[in-house]
Amino acid sequence: MVPASEEYRLSAAVRTASLGRVWRPMDDLSLHVLDIAQNSIFAGAKKLVIRVEEDPETDRLAIEVVDDGVGMDDAEAKAAQDPFTTSRKGKRVGLGLPLLAEAARNTGGDLELTSKPGQGTTIRVWFRFSHVDRQPLGDMTDTLMTLIAGCPDLILRYEHRRPGLDFVFDSSELREELGDVPITHPLILGGIRRALKDALKDD
């Protein structure tokens, strides 16, 4: 049985992903990743790849989010990075990308967005790892659980590399193993959370 506290976290995750993006202060990078991922889902993405690479030796933290959504033309991609743009084809863009870009540049890093209509979008952002102003990575487990529980049909791949860790989670591989058991079954979600927490416990 999943503990009551676990069920509450999972139900909150479902509400967050299902009812639309709820703006929260971007206190850590995992919330920025969630914001980008939800933008991808709203843009029709069926597949999402999230990569995190922490490399203290080169003093770099890099995050990449790749989707297969509807994509954007050059004007739309530029508008998505404009803090004064609040809508794109009827969908709220908000301050997510501009805030993330500013956070990266404050550490000597930067953000790059590439997109083409019908071919999806890729966002790459990097930070100086040791910079005093770099936001903490935060709880990537919570971000991933929000996406898994709230968007069970999404093909989600998460890759995380740092010294001593080379971790990959692939929801499509897990679904093959589960067969007819839904990935949103409480016992499955509880198991996924525990596995993620254990693998990413130093985050």
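The values are calculated or read from the model by the stated rules, or taken from the named source; none is laboratory data. Everything numeric in this text was worked out from a predicted model, so none of it was measured. Heads up, the Cβs are rebuilt from the backbone with ideal geometry, glycines too, and the neighbour counts pull from every protein chain shown.
Some points to look at:
- Positions within segment 176-187 being under 15 Å from residue 147 (Cα atoms) and without any contact (Cβ under 8 Å) to a residue 12 or more places away in the chain, in sequence order: 185
- Restricting segment 130-152 to residues that are hydrophobic (A, V, I, L, M, F, W, C) and over 16 Å from residue 62 (Cβ atoms) leaves a set whose member that is farthest from the chain's Cα centre (by Cα) is 132.
- Residue 127 outside any loop (DSSP other than H, G, I, E, B), under 16 Å from the mean Cα position of the chain (by Cα) and over 16 Å from residue 34 (Cβ atoms): no
Residues checked against (1) touching a residue at least 24 places away in the same chain (Cβ under 8 Å); (2) more than 18 Å from residue 31 (Cα to Cα); (3) small (Gly, Ala, Ser):
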site	(1), (2), (3)
118	yes, yes, yes
132	no, yes, no
162	yes, yes, no
167	yes, yes, no
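- If you go through segment 161-175 and keep only what is within 18 Å of residue 197 (Cβ to Cβ), part of a helix (DSSP H, G or I) and out of contact with any strand residue (DSSP E or B) (no Cβ under 8 Å at 6 or more places or on another chain), you end up with just 174.
- Any hit, segment 149-160, residues being at pLDDT below 95 and assigned to a helix (DSSP H, G or I): yes
- Flag if residue 165 is under 26 Å from residue 59 (Cβ atoms) and crowded, with 20+ Cβ neighbours inside 10 Å: no
- Qualifying positions in segment 114-131 - at pLDDT below 95, surrounded by fewer than 19 Cβ atoms within 10 Å (Cβ to Cβ) and at negative phi: 114, 116, 117, 119
- Given (1) in contact with a Lys or Arg (Cβ under 8 Å, 6 or more places away or on another chain); (2) touching a residue at least 24 places away in the same chain (Cβ under 8 Å), number of the condition residue 196 does not satisfy: (1)
- All positions within segment 168-200 that are more than 24 Å from residue 62 (Cβ to Cβ), β-branched (Val, Ile, Thr) and within 19 Å of the chain's Cα centre (by Cα): 183, 184, 192
- Residue among 59, 67, 28 that is modelled with pLDDT of 95 or more and under 25 Å from residue 134 (Cα atoms): 59
- Segment 166-182: number of residues that are more than 18 Å from residue 41 (Cα to Cα) and at pLDDT below 95: 10
- Looking across segment 153-167, the residues that are under 14 Å from the mean Cα position of the chain (by Cα) and not aromatic (Phe, Trp, Tyr) come down to 154, 155, 156, 157, 159, 160.
- Residues that are farther than 18 Å from residue 143 by Cα and surrounded by 14 or more Cβ atoms within 10 Å (Cβ to Cβ), drawn from segment 175-203: 175
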